[in-house]
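Enquirer: Quick one: structure below, then a few questions.
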Amino acid sequence: MVIPVEKLNGIKRILDHRFEEYHKSEFIKSDPIVVPHSFNKKQDIEIAAFFAAILAWGNRSSIIRSARRIMELMHMAPYDFVLHHEERDLKPMLAFVHRTFNATDLLYTISFFKHHYQQYSSMEQAFFPNAQMNVQEALIHFHHYFFSLPYAPERTRKHIATPEKKSACKRLNMFLRWMLRQESPVDFGIWRSIAPSQLICPLDTHVGDVARKLGLLQRKQNDWAAALQLTEALRLLDPEDPVRYDYALFSLGVAERF
């Protein structure tokens, strides 16, 4: 995709302005990332962030309430709960539901976390078992690993996207942005497997619509190929940190109805 320099400079001015408005700690309180920001321990942040990201579709207030409810059900100590819970501790979770994510999905995810954290100190190894992996490879690996337990429920697969199914993987790319973007008042930057320059922009309907209006995205479907195309265009604006423009595209698409 070729974008004339003059137009590219104009787009950059618009997005840089929106980025500066939204890339602030004040943004946290109204975004699902507020849930992991309740914690300090690395593993607690990882678990809380994963649930907040996986539940992130629909109304943001509802997402935050549901993610906080999971943390309350885990006694506000998710890492300790994952490793040391007993069967009776899981019973209150049987009534949990957030849209199509229900108790079956929640209980399996907790079981997977226990399986993983019994072997590794961070969720980072679940995505990046070796340092040579890119995001696409990491997401594909994670999907296979997540469903590697013999009792993995088929219904949960719809909640864990993979590029192998051509999904844009919006929620998982957002989770990776939270974990890997450095020096941010919003994102945590607690993982080091890849540089922020290698991240893929989270793509949903709102971001896609704005990107097409700006001329940053030509592909009509919001799929994995479109996420890659958008990210390549954003690298023309900032090759070191292209996904920082997720804040700008989000603000134009959701907050300001661009």
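Enquirer: Restricting the range 201-227 to residues that are assigned to a loop (DSSP other than H, G, I, E, B) and under 15 Å from the mean Cα position of the chain (by Cα), which is modelled with the lowest pLDDT?
Expert: Step by step, filter the range 201-227, then rank; the result is D204.
Enquirer: Has the range 180-187 got any residue that is assigned to a helix (DSSP H, G or I), of a type in the set (A, V, I, L, M, F, W, C) and in the same structural domain as H37 (by TED's automatic domain parsing)?
Expert: yes
Enquirer: Mind listing whichever residues of the range 58-96 are hydrophobic (A, V, I, L, M, F, W, C), surrounded by 13 or more Cβ atoms within 10 Å (Cβ to Cβ) and more than 17 Å from Q118 (Cα to Cα)?
Expert: Within the range 58-96, I63, I64, A67, I70, M71, L73, M74, M76, L90, M93, F96 qualify.
Enquirer: Okay, moving on. Name the one entry in R177, R155 that is surrounded by fewer than 15 Cβ atoms within 10 Å (Cβ to Cβ), in contact (Cβ under 8 Å) with a residue 24 or more places away in the chain, at negative phi and outside any loop (DSSP other than H, G, I, E, B).
Expert: Exactly one residue qualifies, and that residue is R155.
Enquirer: So for the range 115-123 (the condition being of a type outside the set (S, T, N, Q) and closer than 19 Å to R177 by Cα), does at least one residue qualify?
Expert: Yes, because at least one residue in the range 115-123 is of a type outside the set (S, T, N, Q) and closer than 19 Å to R177 by Cα.
Enquirer: Working carefully through the options Q125, Q132, Q118, find the one that is at pLDDT below 95, in the same structural domain as K42 (by TED's automatic domain parsing), surrounded by fewer than 17 Cβ atoms within 10 Å (Cβ to Cβ) and not hydroxyl-bearing (S, T, Y).
Expert: Answer to the selection: Q132.
Enquirer: Still on this structure, I have one more. When residues of the range 135-152 are filtered for being closer than 20 Å to W224 by Cβ and surrounded by 13 or more Cβ atoms within 10 Å (Cβ to Cβ), how many remain?
Expert: Qualifying residue count for the region: 12.
Enquirer: So, one more: Can you tell me which residue in the range 80-131 is nearest to A52 (Cα to Cα), limited to those that are polar (S, T, N, Q) and in contact with a Ser or Thr (Cβ under 8 Å, 6 or more places away or on another chain)?
Expert: T109
Enquirer: Additional query: For the subset of the range 33-80 comprising residues that are more than 16 Å from M123 (Cβ to Cβ), touching a Pro at 6+ places or on another chain (Cβ under 8 Å) and not in a helix (DSSP H, G or I), which member is modelled with the lowest pLDDT?
Expert: A56
Enquirer: Considering only the range 1-32, how many residues are acidic (D, E), assigned to a helix (DSSP H, G or I) and touching a residue at least 12 places away in the same chain (Cβ under 8 Å)?
Expert: Qualifying residue count for the region: 2.
Enquirer: Counting only residues that are surrounded by fewer than 21 Cβ atoms within 10 Å (Cβ to Cβ) and β-branched (V, I, T), which one in the range 12-51 is farthest from Q118 (Cα to Cα)?
Expert: I14
The values are calculated or read from the model by the stated rules, or taken from the named source; none is laboratory data. Computed from a prediction, not measured in an experiment: that's the story for all the values here. All Cβ positions, even for glycine, are placed from backbone atoms using ideal geometry, and neighbour counts span all protein chains on display.
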